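A short write-up of the structure that comes next.
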Amino acid sequence: MASTPVTTYVAGLAPPLREVAERLVEILDAGLEGRDGVMWHGHPVWMDGKTPVAGFKAYSAYVTLMLWQGQRIDDATGRLAGSGSAQMASTKIATVDDIGEATISGWLQAVDDLPAA
């Protein structure tokens, strides 16, 4: 389960972004078992030791879901866009209906299955 600071971050968001973030916490907790969400550089991130795996950041009109190795996985949906440095990919989510739980769960599994870089 995500840590208290993550819960505080999510609770501070206005609807509908709060609902998006709450659902993402559930999906990330389930898809990244054994890794807790922590606050890292001001937003929730699920870490593998000291290595970030996935996280999200809320903006005024959407929440950006980030996968640090997202450019290394196949994305048949075309929703993931390369962003930031290294191999990060992200997607913007404005409402709970935009989430696509099965898709995100598949991405998390694919990232988990990657050989070490």
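Going by the structure shown, is residue 75 part of a helix (DSSP H, G or I) and either surrounded by 15 or more Cβ atoms within 10 Å (Cβ to Cβ) or of a type outside the set (D, E, K, R) (or both)?
Criteria not met by residue 75.
With respect to residue 82, is the statement that it is farther than 23 Å from residue 102 by Cβ and either at pLDDT below 95 or surrounded by fewer than 20 Cβ atoms within 10 Å (Cβ to Cβ) (or both) true?
For residue 82, the condition - farther than 23 Å from residue 102 by Cβ and either at pLDDT below 95 or surrounded by fewer than 20 Cβ atoms within 10 Å (Cβ to Cβ) (or both) - is not met.
How do the pairs read when you match residues in region 21-36 that are farther than 15 Å from residue 93 by Cα and touching a residue at least 60 places away in the same chain (Cβ under 8 Å) with residues anywhere that are outside any loop (DSSP other than H, G, I, E, B) and not charged (D, E, K, R), using Cβ under 7 Å and keeping only pairs 6 or more apart or on different chains?
Close Cβ pairs satisfying both conditions: 31/105; 31/108; 31/109; 32/46; 32/53; 32/54; 32/108.
So, in region 82-117, how many residues would count as being closer than 20 Å to residue 29 by Cβ, without any contact (Cβ under 8 Å) to a residue 60 or more places away in the chain and charged (D, E, K, R)?
Number of matching residues: 1.
Can you find a residue that is surrounded by fewer than 21 Cβ atoms within 10 Å (Cβ to Cβ), of a type in the set (D, E, K, R) and more than 15 Å from residue 112 (Cα to Cα) anywhere in region 36-49?
No, because not a single residue in region 36-49 is surrounded by fewer than 21 Cβ atoms within 10 Å (Cβ to Cβ), of a type in the set (D, E, K, R) and more than 15 Å from residue 112 (Cα to Cα).
Quick one: which of 5, 15 is surrounded by fewer than 16 Cβ atoms within 10 Å (Cβ to Cβ), in a loop (DSSP other than H, G, I, E, B) and not hydrophobic (A, V, I, L, M, F, W, C)?
That would be 15, the only listed residue that is surrounded by fewer than 16 Cβ atoms within 10 Å (Cβ to Cβ), in a loop (DSSP other than H, G, I, E, B) and not hydrophobic (A, V, I, L, M, F, W, C).
Conditions tested, residue by residue: (1) touching a strand residue (DSSP E or B) at 6+ places or on another chain (Cβ under 8 Å); (2) in a loop (DSSP other than H, G, I, E, B); (3) of a type in the set (Lys, Arg).
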{"position": "10", "(1), (2), (3)": "yes, no, no"}
{"position": "19", "(1), (2), (3)": "no, no, no"}
{"position": "30", "(1), (2), (3)": "no, no, no"}
{"position": "38", "(1), (2), (3)": "yes, no, no"}
{"position": "46", "(1), (2), (3)": "yes, no, no"}
{"position": "85", "(1), (2), (3)": "no, yes, no"}
{"position": "90", "(1), (2), (3)": "yes, no, no"}
{"position": "110", "(1), (2), (3)": "no, no, no"}
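Which of the residues belonging to region 63-81 are touching a residue at least 12 places away in the same chain (Cβ under 8 Å) and more than 10 Å from the chain's Cα centre (by Cα)?
Selection gives 69, 70, 71, 72, 73, 74, 75, 77, 79, 80.
If we keep just the residues of region 85-117 that are over 15 Å from the mean Cα position of the chain (by Cα) and not hydrophobic (A, V, I, L, M, F, W, C), which is modelled with the highest pLDDT?
The selected residue is 97.
Say whether the condition of being within 18 Å of residue 102 (Cα to Cα), in contact with a Lys or Arg (Cβ under 6 Å, 6 or more places away or on another chain) and not in a helix (DSSP H, G or I) is met by at least one residue in region 51-62.
No, every residue in region 51-62 fails to be within 18 Å of residue 102 (Cα to Cα), in contact with a Lys or Arg (Cβ under 6 Å, 6 or more places away or on another chain) and not in a helix (DSSP H, G or I).
The values are calculated or read from the model by the stated rules, or taken from the named source; none is laboratory data. Note that the structure is a prediction, hence the values are computed from the model and not measured. Methodologically, a virtual Cβ is constructed for each residue, glycine included, from the backbone with ideal geometry; neighbour enumeration extends over all protein chains shown.
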